[in-house]
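Okay, so here's the structure we're looking at.
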Amino acid sequence: MAEQMATLGAEWLPSEPLSGHTWLGVGGPADCVRIHDPLRMTEILDYLARQEVRWRFLGGGTNLLVVDEGVRDVVLCWGGESAAHPGLRFDGNRVEVAAGTNLGRTVTECAKRNLGGMEGLIGVPGTVGGALRMNAGAYGTQIGDRVRSLAILHGATGQVETAAIEEVHFEYRHTSFAPDDILLSAVLELPECPYAQIVERIKECNQKRRASQPVNERSAGCIFKNPPGHSAGRMIDELGLKGTRLGGAVISELHGNFIVNRYGATAADVLGLMDMIRERVSKTCKVELEEEVIVWRN
Ligand code: EPU
């Protein structure tokens, strides 16, 4: 496999601990393929299909919880940007962004060109591809609102399609992409705005986030979606659950909807806290919480 992947511009990483690929820092091993040339993705998928190898795609790993056993599927991930495939291409008030580009860098590079409308997303870790798939949002900005078109590789057929925004549904932390769709790039259209104003808003959002979210600890972002009309974090807070520890995982004292890996947690510790929260919220508040974090099980 290593040789074959090398000829396809990719790297074979056998039994790679996925804890090192997720922000939460938990999760067992999987065989990984690091892709350095996105244009060869179709060939790579074709090869894996012929070998009858099942795969999953890993983005920035910021909203992901991998179980302690790891996963049997091969895990595909992007290598870094390269000169041949730069992350961002500007054209007036539009920018084409490669899916593997860091989201924060995208926000600041746009700002430097007097393009705003992405400020709320500053401080949301991860890649543009991951943000698009989950329709990441914060402080009034949802990335889906800025998209004009997308290049999607359909995993099932290996075909690349350019989808106009009208063909994709972006909802609250949910999109209409199929599980085996791989996002390759997106064209965003952004409002023009003076750099100084954008920077001011970026500072504001950063301050709010630092005051209310555990940005310096390992987490997977908000664990549960906000149920309509409720804040999951506030409910968990009102139930007095902040600070609860299970093994190495703790419900953040700063924000109830974050579980942090403070003392070398396992995935089982985090999943245990999630079950406990769900049960308490269901029993006391009569609300069923839905996971926002993506959980990879076998
Ligand atoms: N609150 C508490 N206690 C807590 C947490 C929150 O009382 O422990 C209260 C806050 O004081 C506020 C209300 O609950 O009055 C809402 O809290 P906040 O503004 O922090 O927003 P949120 O609903 O908890 C959402 C997103 C975040 C996003 C922020 C800022 C979800 C699940 N969460 O949090 O997104 O950063 O708004 O826009 O939609 C994420 O998706 O991973 C995420 C972190």
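The values are calculated or read from the model by the stated rules, or taken from the named source; none is laboratory data. If you're wondering where the values come from, they're calculated on a predicted model, not measured in any experiment. Heads up, the Cβs are rebuilt from the backbone with ideal geometry, glycines too, and the neighbour counts pull from every protein chain shown. All accessible areas refer to the heavy atoms of the entire protein, side chains included, with ligands and DNA or RNA removed. Shrake-Rupley method; radii C 1.70, N 1.55, O 1.52, S 1.80 Å.
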Within region 144-176, the residues that are touching a residue at least 40 places away in the same chain (Cβ under 8 Å) and crowded, with 20+ Cβ neighbours inside 10 Å are 146, 147, 153, 155
Scanning region 177-208 for residues that are charged (D, E, K, R) and either open to solvent by 90 Å² or more (accessible area, probe 1.4 Å) or not assigned by TED's automatic domain parsing to the domain that holds residue 155 (or both) gives 192, 200, 201, 203, 204, 208
Within region 251-298, residues open to solvent by less than 80 Å² (accessible area, probe 1.4 Å) and of a type in the set (S, T, N, Q) come out as 252, 257, 261, 266, 282
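Find the residue count for region 192-213, including only residues that are more than 11 Å from the ligand (Cβ to nearest atom) and either in contact with a strand residue (DSSP E or B) (Cβ under 7 Å, 6 or more places away or on another chain) or among the hydrophobic types (A, V, I, L, M, F, W, C) (or both). Walk me through it before giving the result.
Filtering region 192-213 down to residues more than 11 Å from the ligand (Cβ to nearest atom) leaves 192-204, 206-207, 210.
Restricting the remaining residues to those that are either in contact with a strand residue (DSSP E or B) (Cβ under 7 Å, 6 or more places away or on another chain) or among the hydrophobic types (A, V, I, L, M, F, W, C) (or both) gives 192-193, 196, 198-199, 202.
Number of matching residues: 6.
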Flagged in region 43-57 as in a loop (DSSP other than H, G, I, E, B) and open to solvent by 50 Å² or more (accessible area, probe 1.4 Å), in numbering order, are 51, 52, 54
- prompt: Just a yes or no: is a residue in region 214-230 within 14 Å of the ligand (Cβ to nearest atom), open to solvent by 20 Å² or more (accessible area, probe 1.4 Å), closer than 19 Å to residue 25 by Cα and without any contact (Cβ under 8 Å) to a residue 60 or more places away in the chain?
  reply: yes
Q. Can residue 126 be described as open to solvent by 20 Å² or more (accessible area, probe 1.4 Å) and either of a type in the set (Gly, Ala, Ser) or assigned by TED's automatic domain parsing to the domain that holds residue 227 (or both)?
A. no
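Here is a yes/no grid of residues against (1) over 16 Å from residue 209 (Cα atoms); (2) part of a helix (DSSP H, G or I); (3) more than 12 Å from the ligand (Cβ to nearest atom):
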site: 105; (1), (2), (3): yes, yes, yes
site: 120; (1), (2), (3): no, yes, no
site: 124; (1), (2), (3): no, no, no
site: 130; (1), (2), (3): yes, yes, no
site: 145; (1), (2), (3): yes, yes, yes
site: 148; (1), (2), (3): yes, no, yes
